[in-house]
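For reference, the structure is listed below as structure tokens.
The values are calculated or read from the model by the stated rules, or taken from the named source; none is laboratory data. In this text the structure is predicted, and so the values were computed from the model without any measurement. When we count neighbours, we look across all protein chains shown, and the Cβ atoms used for this are built from the backbone with ideal geometry, even at glycine. Just the protein is used for accessible areas: all its heavy atoms, side chains included, with ligands, DNA and RNA removed. Shrake-Rupley method; radii C 1.70, N 1.55, O 1.52, S 1.80 Å.
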Amino acid sequence: MKHLSKSSKETSNLAKLFAQDVLKTKPGTRALAISFTGELGAGKTTFIKSFLRALGVTSRIVSPTFIFSRRYKTIHKTMPAVWHFDVYRLSRAKEVSGIGLKESLKNPGNLVLIEWAAKIKSILPEGIIWVELKHGAKPNERHITFNRR
């Protein structure tokens, strides 16, 4: 599904709608994982912050670029924990061991968000939701695509 966002406010609103859909997802045998791809400045962080706020995260939300992961608590019983991973600084999928990603993906109570997921695509399980953000023709435009692979 493709969307055109014409402002950061529209991107935030789309993230909130997406969060509502995610909350309708029934727990499976492993975590629900959502990967985010896009160039620097494409709006991944804006999207993720709005998404987490819509899940009821009240703590400070900061991209984990330098520490690889952050854990947030939500107000929802079906998804009480959200793990936010940023693998931008990794150069190979093998480097993912030691940051807790594989372990967090095994827990069905987790929601796992992965920025720059294309870098580690080879080790990610099937069924992940991919959110791709691309710059549009105008400075504030973003093309946002949702796919399940």
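Here is how the numbers come out for the structure above:
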quantity: Test for T11: is it of a type in the set (V, I, T) and in contact with a helix residue (DSSP H, G or I) (Cβ under 9 Å, 6 or more places away or on another chain); calculated: yes
quantity: Failed criterion for T25 (all others in (1) within 16 Å of the chain's Cα centre (by Cα); (2) exposed (fewer than 13 other Cβ atoms within 10 Å of the Cβ); (3) within 25 Å of E141 (Cα to Cα) hold); calculated: (3)
quantity: Test: residue in segment 36-52 that is farther than 24 Å from I120 by Cα, touching a residue at least 40 places away in the same chain (Cβ under 8 Å) and out of contact with any strand residue (DSSP E or B) (no Cβ under 9 Å at 6 or more places or on another chain); calculated: no
quantity: Answer from K2, K44 - the residue that is closer than 27 Å to N107 by Cβ and basic (K, R); calculated: K44
quantity: Subset of segment 108-120 [more than 24 Å from K26 (Cα to Cα) and either outside any helix (DSSP H, G or I) or touching a helix residue (DSSP H, G or I) at 6+ places or on another chain (Cβ under 9 Å) (or both)]; calculated: W116, K119, I120
quantity: Among residues of segment 64-103, those that are open to solvent by less than 30 Å² (accessible area, probe 1.4 Å) and among the small types (G, A, S), counted; calculated: 4
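Residues checked against (1) open to solvent by less than 20 Å² (accessible area, probe 1.4 Å); (2) within 24 Å of H76 (Cβ to Cβ):
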| residue | (1), (2) |
| --- | --- |
| N107 | no, yes |
| N110 | yes, yes |
| E115 | yes, yes |
| K119 | no, no |
| I123 | no, no |
| W130 | yes, yes |
| K134 | no, no |
| H143 | no, no |
| R149 | no, no |
